[in-house]
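First the structure, in the form of structure tokens, and then the observations on it.
The values are calculated or read from the model by the stated rules, or taken from the named source; none is laboratory data. Given the structure is predicted, the values throughout are model-derived calculations rather than measurements. Neighbour counts are summed over all protein chains in view; Cβ atoms, including those assigned to glycine, are modelled from backbone coordinates with ideal geometry. Ligands, DNA and RNA are stripped out before the accessible areas are found, and what is left, the full protein with its side chains, is counted by its heavy atoms. Shrake-Rupley method; radii C 1.70, N 1.55, O 1.52, S 1.80 Å.
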Amino acid sequence: MPRTESGIRDYDEMILHWIDLAMKFKKAGVPLESIIEYLKLAMEGEHKKAAWREILTDNNVYR
């Protein structure tokens, strides 16, 4: 996580998007391990969509 010269974390729009998404998953009851796995796969690219869908389906988020 980048920091400013004074040591404060410097969140850009992309990081804020991922944090927002993770919070929504957590609110939906998705376990932290699944959230982390989903975010890792999503950052790898859209070629991992089948794996994303599997995580969402396994956690009753995607129907």
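Structure above, values below:
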item: Solvent-accessible area per residue, Å², over the chain with all protein chains present [probe radius 1.4 Å]; result: 81
item: Radius 15 Å from Cβ of Asp12, net charge of other residues (Lys, Arg +1; Asp, Glu -1); result: -1
item: Over the chain, relative contact order from alpha-carbon pairs under 8 Å, at least 6 apart, %; result: 20
item: Within the accessible area of the range 1-54 (1.4 Å probe), percent carbon and sulfur; result: 57
item: Residue-by-residue Karplus 3J(HN,Hα) for the range 16-29, coefficients 6.51, -1.76, 1.60, Hz, glycine and proline x; result: 4, 4, 5, 5, 4, 4, 4, 5, 5, 4, 4, 4, 7, x
item: Residue-by-residue Karplus 3J(HN,Hα) for the range 40-56, coefficients 6.51, -1.76, 1.60, Hz, glycine and proline x; result: 4, 5, 4, 6, 6, x, 5, 5, 9, 4, 4, 5, 4, 4, 4, 4, 5
item: Whole-Hz ³J(HN,Hα) from phi, Karplus 6.51 cos²θ - 1.76 cosθ + 1.60, for the range 31-38, glycine and proline x; result: x, 4, 4, 5, 4, 4, 4, 4
item: For Met43, solvent-accessible area (1.4 Å; no DNA, RNA or ligand), Å²; result: 130
item: Principal axes of the chain: Cα extent on each, largest first, Å; result: 44, 26, 17
